[in-house]
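Asker: Quick one: the structure is below, questions incoming.
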Amino acid sequence: MRFSLKWKIAAWCAALLLVTQIGGLLLFGEIGRGSAMADAQADLKTGDRVFARLLDERASQLTQAARVLAADYGFREALLSQDRETIESALANHGGRIRADVMLLLALDESIVASSSFNPGRTPERLRQLIEGARSGAHSGGFAVVSGMLYQLVVVPVMAPVPVGWVVMGFSVDKSLANDLKGVTGLEVSFVRRSGDKGWMLASSTLNEPLQSALLGELSANGALQDEALTLGDRDYVSLMHAIDAGPQQQVGAVLQLSLERALAPWNRLYRDWTGLTLIGTLLALAVSAFMGRSIASPVVRLAEFARRVESGEYGAPPAVARGDEIGQLANAFVHMTDAISLRETRISELAYYDVLTGLPNRAYFTERLEESLRTAAADGSDLAVVCLDVDRFKMVNDTLGHELGDLLLREVARRLRETLRDVRDQVARLGGDEFAVMLPGADASKALSVAHRIAEAMNRPMNLDGQMVDVSASMGVSACPAHGNDAQSLLRHADVAMYLAKRHNTMAEIYDPRHHDQNVERLSLLSELRLAVERDELVLYYQPKVSTAPDAVHHVEALVRWIHPTRGFVPPFEFIPFAEQTGYIKAITLWVMNAAIRQCGQWLRQGLEVNVSLNISARDLLNPELPALFAGMLECHGCPARLITLEITESAVLDDPLRALANLQVLRETGCALSIDDYGTGYSSLSYLRQMPVSEMKIDRSFVMHLLDNPNDEIIVRSTIELAHNMGLKVTAEGVESEGVLERLRLLGCDLAQGYLISKPIPAEALEKWFRESHWAQGAVGSSAAAVMLDEPVGRAATRTVAV
Amino acid sequence: MPCAVIVFHHFRRVLLVAVVLVGAGLPAQAATVTIKAGDGSGNALDSVVVSLVPVSRGGMPAARPAQIEQRNKTFLPAISVVQTGTAIEFPNNDTVRHHVYSFSAAKVFELKLYAGKPEKPVVFDKPGVVVLGCNIHDKMAAYVVVVDTPWSAISQSDGVARIADVPAGDYQLQLWHPRRLGMPDVPPRPLRVAGDQTEVVKLELRP
């Protein structure tokens, strides 16, 4: 169970008070009872003295009366006359004066001579004892049980003038006596007696019936009264036993009791008042502490509610807590905290949703908005289109003109995009790098394409970037909902695919064609599986032979990696190599290829087949400082001489970090292998770098070779390249040889090696061995086979993207 | 009690004279009987009234008058032994009045408040013990032992009582003492008197 702070405080306060009060009550109870007991016992002692005095007084009253009688001359005369009737009437007369219950006249021999109202017949033994006592002067009376009744008696001699008889007078110890005694002493008086071993009997008592029985029970149980505290029924008493001498045969006592009730009365009133006070105090404490608790807890509760609202993102007005104490300080701190949080949140969402450079929304924001709009579109069945835009050759601008200008360019692009899109519903965003996206609600694909053309026009206008005039073009892809997808991710991806298509076809803008879709999706999913491909040994090497235009003893082949996916089957290199390059996983693939090629090369050598194998090294590989050592290790491991290996690199591979790349190349060269420049002519050819690169071969890109016969410019390029290469002491290999005519022309131009589908497409190692044995190319006019190293498509494509301005 | 002793001596002298007179007429020779009285533990006992009652009653002298005066609210003598028929005077020598009475069976009488000498003496005509009291003064008490013989005496502080001029013959020895009041009479004891003789008696008394 959970209680609020308010009630916890209240409960603790009340409990504390309650404990104190109860402690007080117990203490007072203890003191009170003790004090009441002491008071009652003092009263009882006093009562006891009064009681004793009363008995004495009654005895002397009896004695006086008896003496008066005994000394009465007339009585003595009557005594002398032996007139019994007269004597008895005299006895009755005197006894009546003091309401005595026993009047006896005894002769000197202690025989009863006369009696009034009561004659026990024989003289009881106890009476003899009393007479003896009187005779000796010890006392004049005492108590006696006569005929089962208890009496207080006095014995007085009749003197004439020497004793001639005894007058006995007595009171019955009955209820009226007890009541009289009670009236004076204020005590409950009970006369009890027992003879011999018999039980206690009650002679008389002021107690009521049930209490009398209880008292007798108490006496019988204990034999006597031990404890001064006595409880009879439900009443508490202090008591004492006033022993009364009634002869040796009888044990007589007066039990004097004082009810504690009266002594306890003031204390009981104290308890009652105290309990009332405690109750009132506890209620007050509850109320006051609840009020105080509320004054603490209520602002806290309001602050907590406010904090929950803040948690849900609602920055309303904070609760007003106008107080100077700690709670007020807490509230103040709260207000400041939420202000600060709100500011920071605004700033964070700006950073999260906006591109700082261009002030455009970023990818996250764009994606969210796109999803929203898609839901709206789906709801009302309207169209929606997305345009992806990529600035052409932005990397070149960045690299050549500097990042500052690159940033200016991006801003300008953003500005023009915004300018072009007038519809308020249209949304522009910078997705990252030089990629932008536009969302066009209500537009279908064709309308979006017209917008894209408008954008293209805007982009094509020369840009004045900080005084420099720059020509910019952009490639755009269009995808539309619902034709090309229903969710933001697929729309963006499809627009992207279309954009790349446009870029490749140099068409400025393309609408997404679902035919590209599958490849695209597969490419992405394959990428995740590529990591496993190496481990699963799903990669294989294909070899494409090269033929020499002049007789040569050595076979030349280019090792090309292929991926035989267990479910998808053959995966073409352009599907995964570019992504492997982007993710850096190309390093692992390169090492695998290198190891496999060297192993195969060594194997062939041992079979007596000397084959020069060339393989591709990417730009990232060139920056790997461990590569040379690994390469050397593999050569040694597989028993393959370095001269049989040629490493192919593209010109642009050196560009990222020329110093490290060139140094690494030098180390590789020193292992004894050959280095070759791949795809020459397509890249950012720099003769300055070419000069520094320790290469021994140059490969002319297929794009120049394929149309060699049809395009005079291509022939010029090929010829001059061959001349340049030869002049620099390099061999030349032509790629993409697909006809006899081309091969013939290349031979005329002095090209050293030729490679292409005319000779052979890339084939597995076993097929190659068979090709070596059977193909006329292997034994024919060229005289020997050659190999070219190449990753056909992807490298070509990458080259396309990096054509110089 | 010097006064009582004087009275007693006087009384004895009177008695002696009587005895001598009686003895002269008797054939038998007269003797003196000495009684030594003691209590149970052998201590000498005073105030023991001793009387010799002759077995044969004839020839006893007549009783002589006696006197018990009241002085200082006291009866004097406190104990008297008289022959039956003795008339006793009760002269009041105090300035206050007395009311002399007796409830004793042997002689019931009262002399109502009086001063000086009452008109008539009181005659004690029956043998027995008469206890005298004063109704005004409870403490006043006197004993008169009335016996049928003139031969009697009261023991002194040495426990000795002497009866002189007792004619020889057979007697009953009777004993009384104030502290035997309320007790049964001591049984009389036969005693033959032939000459001077001494008898020892013991008396049981109330404690």
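The values are calculated or read from the model by the stated rules, or taken from the named source; none is laboratory data. On a predicted model such as this, the values are computed, not experimentally measured, just so you know. All Cβ positions, even for glycine, are placed from backbone atoms using ideal geometry, and neighbour counts span all protein chains on display.
Asker: Exactly one condition in (1) assigned to a strand (DSSP E or B); (2) away from chain A (no Cβ under 12 Å) is not met by residue B:99; state its number.
Answerer: Only one criterion is unmet by residue B:99, namely (2).
Asker: Looking at residue A:713, is it exposed (fewer than 14 other Cβ atoms within 10 Å of the Cβ), without any contact (Cβ under 8 Å) to a residue 24 or more places away in the chain and closer than 24 Å to residue A:647 by Cβ? Don't jump to the end; show me each part of the working.
Answerer: On the way: exposed (fewer than 14 other Cβ atoms within 10 Å of the Cβ): yes; without any contact (Cβ under 8 Å) to a residue 24 or more places away in the chain: yes; closer than 24 Å to residue A:647 by Cβ: no.
So residue A:713 does not fit the description; no.
Asker: Within segment B:129-163, which residues are touching a Gly at 6+ places or on another chain (Cβ under 7 Å), part of a strand (DSSP E or B) and within 26 Å of residue B:199 (Cβ to Cβ)? Don't jump to the end; show me each part of the working.
Answerer: Of the residues in segment B:129-163, the ones touching a Gly at 6+ places or on another chain (Cβ under 7 Å) are B:140-141, B:146, B:159.
Restricting the remaining residues to those that are part of a strand (DSSP E or B) gives B:141, B:146.
Hit for segment B:129-163 is B:146, nothing else.
Asker: Give just the number: which of (1) more than 30 Å from residue A:143 (Cα to Cα); (2) among the small types (Gly, Ala, Ser); (3) surrounded by 18 or more Cβ atoms within 10 Å (Cβ to Cβ) does residue A:287 not satisfy?
Answerer: Condition (3) is where residue A:287 drops out.
Asker: One residue is enough: does segment A:198-211 have a residue meeting the conditions in contact (Cβ under 8 Å) with a residue 12 or more places away in the chain, out of contact with any Asp or Glu (no Cβ under 8 Å at 6 or more places or on another chain), more than 15 Å from residue A:252 (Cα to Cα) and within 14 Å of chain B (Cβ to nearest Cβ)?
Answerer: No, segment A:198-211 contains no residue that is in contact (Cβ under 8 Å) with a residue 12 or more places away in the chain, out of contact with any Asp or Glu (no Cβ under 8 Å at 6 or more places or on another chain), more than 15 Å from residue A:252 (Cα to Cα) and within 14 Å of chain B (Cβ to nearest Cβ).
Asker: Among the residues of segment A:359-385, count how many are aliphatic (A, V, I, L, M) and buried (at least 21 other Cβ atoms within 10 Å of the Cβ). Steps first, please.
Answerer: First pass over segment A:359-385, keeping only residues aliphatic (A, V, I, L, M): A:360, A:364, A:370, A:374, A:377-379, A:384-385.
Going one step further and asking which of them are buried (at least 21 other Cβ atoms within 10 Å of the Cβ), we end up with A:360, A:370, A:374, A:384-385.
The number of residues fulfilling the criteria is 5.
Asker: Taking the criterion of being modelled with pLDDT of 90 or more, within 17 Å of residue A:551 (Cα to Cα) and over 60 Å from the mean Cα position of the chain (by Cα), would at least one residue in segment A:722-729 satisfy it?
Answerer: no
Asker: Could we say that residue A:50 is within 14 Å of another protein chain (Cβ to nearest Cβ), closer than 26 Å to residue A:173 by Cα and either in a helix (DSSP H, G or I) or among the β-branched types (Val, Ile, Thr) (or both) here? Quick ask: steps written out before the conclusion?
Answerer: Working: within 14 Å of another protein chain (Cβ to nearest Cβ): no; closer than 26 Å to residue A:173 by Cα: yes; either in a helix (DSSP H, G or I) or among the β-branched types (Val, Ile, Thr) (or both): yes.
Criteria not met by residue A:50.
Asker: Could you tell me which of the residues A:356, A:321 is in a loop (DSSP other than H, G, I, E, B), free of Cβ contacts under 8 Å to residues at least 60 places away in the same chain and in contact with a Gly (Cβ under 7 Å, 6 or more places away or on another chain)? Give the steps one after another, and end with the answer.
Answerer: Values: A:356 fails: in contact with a Gly (Cβ under 7 Å, 6 or more places away or on another chain).
From the options A:356, A:321, the qualifying one is A:321.
Asker: Which condition number in (1) within 14 Å of chain B (Cβ to nearest Cβ); (2) under 23 Å from residue A:42 (Cα atoms) is the one that residue A:230 fails?
Answerer: (1)
Asker: Within segment A:135-172, which residues are touching a residue at least 24 places away in the same chain (Cβ under 8 Å), of a type outside the set (Phe, Trp, Tyr) and within 14 Å of chain B (Cβ to nearest Cβ)?
Answerer: Kept after step one, since they are touching a residue at least 24 places away in the same chain (Cβ under 8 Å), are these residues of segment A:135-172: A:135, A:140-147, A:149-160, A:163-172.
In the following step, the residues that additionally are of a type outside the set (Phe, Trp, Tyr) were identified as A:135, A:140-142, A:144-147, A:149-150, A:152-160, A:163-165, A:167-170, A:172.
Result: A:135, A:156, A:157, A:158, A:159, A:160, A:163, A:164, A:165.
Asker: Is segment A:268-290 home to any residue that is over 22 Å from residue A:17 (Cβ atoms) and either among the hydroxyl-bearing types (Ser, Thr, Tyr) or in a helix (DSSP H, G or I) (or both)?
Answerer: Keep residues of segment A:268-290 that are over 22 Å from residue A:17 (Cβ atoms), which gives A:268.
Subset that is either among the hydroxyl-bearing types (Ser, Thr, Tyr) or in a helix (DSSP H, G or I) (or both): A:268.
Yes; the residues of segment A:268-290 include at least one that is over 22 Å from residue A:17 (Cβ atoms) and either among the hydroxyl-bearing types (Ser, Thr, Tyr) or in a helix (DSSP H, G or I) (or both).
Asker: Answer yes if at least one residue in segment A:142-155 is loosely packed, with under 15 Cβ neighbours inside 10 Å and assigned by TED's automatic domain parsing to the domain that holds residue A:195, and no otherwise.
Answerer: Our first condition is that a residue be loosely packed, with under 15 Cβ neighbours inside 10 Å; within segment A:142-155, this holds for A:147-148.
Then drop every residue that is not assigned by TED's automatic domain parsing to the domain that holds residue A:195, which leaves A:147-148.
The answer is yes, given that some residue of segment A:142-155 is loosely packed, with under 15 Cβ neighbours inside 10 Å and assigned by TED's automatic domain parsing to the domain that holds residue A:195.
Asker: Also: Please enumerate the residues belonging to segment B:128-143 that are surrounded by 20 or more Cβ atoms within 10 Å (Cβ to Cβ) and either within 19 Å of residue B:61 (Cβ to Cβ) or not aliphatic (A, V, I, L, M) (or both).
Answerer: Result: B:133, B:134, B:143.
Asker: Among A:348, A:296, A:341, which is the only one that is within 30 Å of residue A:419 (Cβ to Cβ) and either touching a helix residue (DSSP H, G or I) at 6+ places or on another chain (Cβ under 7 Å) or not assigned by TED's automatic domain parsing to the domain that holds residue A:12 (or both)?
Answerer: Details: A:296 fails: within 30 Å of residue A:419 (Cβ to Cβ); A:341 fails: within 30 Å of residue A:419 (Cβ to Cβ).
Of the residues listed, the single one that is within 30 Å of residue A:419 (Cβ to Cβ) and either touching a helix residue (DSSP H, G or I) at 6+ places or on another chain (Cβ under 7 Å) or not assigned by TED's automatic domain parsing to the domain that holds residue A:12 (or both) is A:348.
Asker: Still on this structure, I have one more. Failed condition for residue A:78, given (1) part of a helix (DSSP H, G or I); (2) more than 14 Å from chain B (Cβ to nearest Cβ), with all others met?
Answerer: With respect to (1) part of a helix (DSSP H, G or I); (2) more than 14 Å from chain B (Cβ to nearest Cβ), residue A:78 is out only on (2).
Asker: Follow-up. For segment A:743-758, which residues satisfy the criterion of being on the phi < 0 side of the Ramachandran plot and surrounded by fewer than 23 Cβ atoms within 10 Å (Cβ to Cβ)?
Answerer: Listed by number, the residues that qualify are A:744, A:745, A:747, A:748, A:749, A:757, A:758.
Asker: Can you tell me which residue in segment A:156-187 is surrounded by the most Cβ atoms within 10 Å (Cβ to Cβ), limited to those that are hydroxyl-bearing (Ser, Thr, Tyr) and under 30 Å from residue A:39 (Cβ atoms)? Explain how you work it out, then say what you get.
Answerer: Quick first cut of segment A:156-187, residues hydroxyl-bearing (Ser, Thr, Tyr) only: A:172, A:176, A:185.
Narrowing the set further to residues that are under 30 Å from residue A:39 (Cβ atoms) leaves A:176, A:185.
Details: A:176: 12, A:185: 22.
It comes out as A:185.
Asker: Can you tell me how many residues within segment A:81-96 are acidic (Asp, Glu) and within 14 Å of another protein chain (Cβ to nearest Cβ)?
Answerer: The first filter runs over segment A:81-96 and keeps only residues acidic (Asp, Glu), leaving A:83, A:85, A:88.
From what's left, within 14 Å of another protein chain (Cβ to nearest Cβ): A:83.
Result for segment A:81-96: 1.
Asker: OK, next. Of the numbered conditions (1) small (Gly, Ala, Ser); (2) in contact (Cβ under 8 Å) with a residue 40 or more places away in the chain; (3) assigned to a helix (DSSP H, G or I), residue A:385 satisfies every one except a single condition; which is it?
Answerer: With respect to (1) small (Gly, Ala, Ser); (2) in contact (Cβ under 8 Å) with a residue 40 or more places away in the chain; (3) assigned to a helix (DSSP H, G or I), residue A:385 is out only on (3).
Asker: Determine, yes or no, whether residue A:274 is closer than 21 Å to residue A:187 by Cα, surrounded by 14 or more Cβ atoms within 10 Å (Cβ to Cβ) and not assigned by TED's automatic domain parsing to the domain that holds residue A:131. Before you say what the answer is, go through the steps one by one.
Answerer: Working: closer than 21 Å to residue A:187 by Cα: no; surrounded by 14 or more Cβ atoms within 10 Å (Cβ to Cβ): yes; not assigned by TED's automatic domain parsing to the domain that holds residue A:131: yes.
The answer is no for residue A:274.
Asker: Within segment A:243-267, which residues are assigned to a strand (DSSP E or B) and surrounded by fewer than 20 Cβ atoms within 10 Å (Cβ to Cβ)? Steps first, please.
Answerer: Kept after step one, since they are assigned to a strand (DSSP E or B), are these residues of segment A:243-267: A:243-245, A:250-259.
Once the filter is applied, which keeps residues that are assigned to a strand (DSSP E or B) and surrounded by fewer than 20 Cβ atoms within 10 Å (Cβ to Cβ), segment A:243-267 yields A:243, A:245, A:250, A:251, A:259.
Asker: List the number of the failed condition for residue B:82; all other conditions in (1) surrounded by fewer than 17 Cβ atoms within 10 Å (Cβ to Cβ); (2) more than 14 Å from chain A (Cβ to nearest Cβ) hold.
Answerer: Checking residue B:82 against (1) surrounded by fewer than 17 Cβ atoms within 10 Å (Cβ to Cβ); (2) more than 14 Å from chain A (Cβ to nearest Cβ), the one that fails is (1).
Asker: Something else about it: Considering only residues that are within 13 Å of chain A (Cβ to nearest Cβ) and part of a loop (DSSP other than H, G, I, E, B), which ones fall in segment B:102-128?
Answerer: Hits for segment B:102-128 are B:103, B:104, B:105, B:106, B:107, B:108.
Asker: Count, please, the residues in segment B:129-145 that happen to be closer than 17 Å to residue A:80 by Cα, at the interface with chain A (Cβ under 7 Å from one of its Cβ atoms) and at pLDDT 90 or above.
Answerer: Step one: of segment B:129-145, the residues closer than 17 Å to residue A:80 by Cα are B:129-135.
Pick out the ones that are also at the interface with chain A (Cβ under 7 Å from one of its Cβ atoms) and you get B:131, B:133, B:135.
In the following step, the residues that additionally are at pLDDT 90 or above were identified as B:131, B:133.
Residues in segment B:129-145 being closer than 17 Å to residue A:80 by Cα, at the interface with chain A (Cβ under 7 Å from one of its Cβ atoms) and at pLDDT 90 or above: 2 in total.
Asker: Across segment B:48-67, what is the number of residues that are crowded, with 22+ Cβ neighbours inside 10 Å and not hydroxyl-bearing (Ser, Thr, Tyr)?
Answerer: Start the filter on segment B:48-67 by keeping residues that are crowded, with 22+ Cβ neighbours inside 10 Å, which leaves B:48-52.
Those still in the list that are not hydroxyl-bearing (Ser, Thr, Tyr) too: B:48-50, B:52.
Here the count works out to 4.
Asker: Please enumerate the residues belonging to segment A:17-39 that are under 51 Å from the mean Cα position of the chain (by Cα) and surrounded by 13 or more Cβ atoms within 10 Å (Cβ to Cβ). Steps first, answer last, please.
Answerer: Keep residues of segment A:17-39 that are under 51 Å from the mean Cα position of the chain (by Cα), which gives A:17-27.
The answer is A:17, A:18, A:21, A:22, A:24, A:25.
Asker: Check off (1) over 23 Å from residue A:132 (Cβ atoms); (2) more than 14 Å from chain B (Cβ to nearest Cβ); (3) part of a helix (DSSP H, G or I) for residue A:99 and give me the number that stays unchecked.
Answerer: Looking at each condition in turn, residue A:99 falls short on (3).
Asker: Quick test for you: out of B:38, B:58, pick the one residue that is in a strand (DSSP E or B), of a type in the set (Gly, Ala, Ser) and either at positive phi or more than 15 Å from the chain's Cα centre (by Cα) (or both).
Answerer: On the way: B:58 fails: in a strand (DSSP E or B).
It is B:38.
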